[in-house]
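The structure appears below as structure tokens.
The values are calculated or read from the model by the stated rules, or taken from the named source; none is laboratory data. This structure is a prediction, so every number in the text was calculated from the model and none was measured. Cβ sites come from the backbone with ideal geometry, for glycine too, and all protein chains shown count toward neighbours. Just so you know, the surface numbers come from the protein's heavy atoms only, side chains and all, with ligands and any DNA or RNA stripped out. Shrake-Rupley method; radii C 1.70, N 1.55, O 1.52, S 1.80 Å.
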Amino acid sequence: MPDVKHFDPDTVLDQVVRLFWERGAATAGIAEVVNATGLSRSSLYATFGGKRDLYAAALRRYVERQSRPVFERLAADVRGLPAITEFFDRLVRARCEGEHARWGCMVSNAHAGPDRDDPQVREVLDDHHRGLRAAMRAALQDARTQEQIPPDLDLDAAADMLALLAYGMNLRSRAGAPAADLLATATTTLRVLTGAARP
């Protein structure tokens, strides 16, 4: 086994992210972490601390690499509702197709996991929600500017609703929900926001 001096912690953390994302921290034991990384327990503990510390570090890495770029892209996109539509289209494709199909979102999974009340984990979850909500609100503000939504729409409440929709879609995708059903839900939600029932 390599010791703490002979491996790249960043590479190891990426391997741990993959394991915890797919399997869940509660399901994946430390023996699986050892097997996935090729490191000894002592090397893992010396570098990252205990399993909870390792999980929190992996969760932070996931947010940094997977979530934050998506939030930044949405917040910077000035198209309004088309940007939000594209966000959900990309989300459904990522959750239902390709390499990470049916893994869900590591953060959404953490919200439903047994470690959600751990202070380190809670800090990451709250930070993630603030970032997602802020990006949604920025897109909604652009939508209001372009008169795509009613002028009296509560943007804070709408941003929360869309953030919660994203979390729910992540969990449902992990449970096997069809992509078409998830997309239909997103489409209906956005129609409600636009006040589509008005003439």
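Can you give me the angle between helix 9-23 and the longest principal axis of the chain, using Cα atoms only, in degrees from 0 to 90, rounded to the nearest 10?
60 degrees
Sorting Arg90, Arg52 by accessible area (1.4 Å probe), largest first, what list results? Please list the in-between numbers first.
Working: Arg90 105, Arg52 135 Å².
Output order, biggest surface exposure first: Arg52, Arg90.
Share of Cα-Cα pairs in segment 38-182 beyond 22 Å, in percent?
46 percent
Using the Karplus curve 6.51 cos²θ - 1.76 cosθ + 1.60 with θ = phi - 60°, work out ³J(HN,Hα) for each residue of segment 24-36 in order, rounded to whole Hz, and write x for Gly and Pro.
Using θ = phi - 60°, the values come out as x, 5, 5, 7, 7, x, 5, 5, 5, 5, 4, 5, 5 Hz.
Report, in degrees rounded to the nearest 10, the 0 to 90 angle that the Cα long axis of helix 81-96 makes with the longest principal axis of the chain.
The angle comes out near 40 degrees.
For a quick check of your reading of the filter: which GluC sites (Glu not before Pro) in segment 1-106 sit in a DSSP loop and have no more than 14 other Cβ atoms within 10 Å?
When the GluC sites (Glu not before Pro) of segment 1-106 are filtered for loop state and at most 14 Cβ neighbours within 10 Å, Glu97, Glu99 remain.
Once you put a point 7 Å from the Cα of Arg130 and another 7 Å from the Cα of Ala26, both along the Cβ direction, what distance in nm separates them?
Once both label points are built, they end up 2.7 nm from each other.
What whole-number value in Å² describes the accessible area per residue of the chain for a 1.4 Å probe?
Spelled out: the 1.4 Å probe surface of the chain, per residue, equals 51 Å².
Taking the 0 to 90 degree range and rounding to the nearest ten, how far is the long axis of helix 119-145 tilted relative to the main principal axis of the chain, both from C-alpha atoms?
20 degrees
Summing +1 for each Lys or Arg and -1 for each Asp or Glu, what net charge is found among the other residues whose Cβ lies under 15 Å from the Cβ of Pro82? Could the numbers behind the result be given before it?
Working: positive: Arg73, Arg79, Arg90, Arg144, Arg191; negative: Asp77, Glu86, Asp89, Asp142, Glu147.
Result for the neighbourhood of Pro82: 0.
At 0.36 nm per residue, minus the direct Cα-Cα distance, what do Arg52 and Glu123 gain on full extension? Give it in nm, one decimal, please.
Answer, rounded to one decimal: 24.2 nm.
Ignoring everything except DSSP H segments at least 4 long, calculate the 222 nm mean residue ellipticity for the chain; use -39,500 (n - 2.57) per segment, divide by total residues, nearest 500.
Computed ellipticity for the chain at 222 nm equals -22000 deg cm²/dmol.
Distance between Cα centroids, segment 58-77 to segment 105-172: provide it in whole Å.
Between the Cα centres of segment 58-77 and segment 105-172 lies a distance of 12 Å.
In cubic angstrom, how much convex hull volume per residue do the alpha carbon atoms of segment 1-89 span? Spell out each step's value before the answer.
Details: hull volume 8.8 nm³, N = 89.
Cα convex hull per residue, to the nearest whole number: 99 Å³.
Ranked from the most accessible area to the least, with a 1.4 Å probe and all protein chains present, what is the order of Arg172, Arg79?
My answer, sorted largest first, is Arg172, Arg79.
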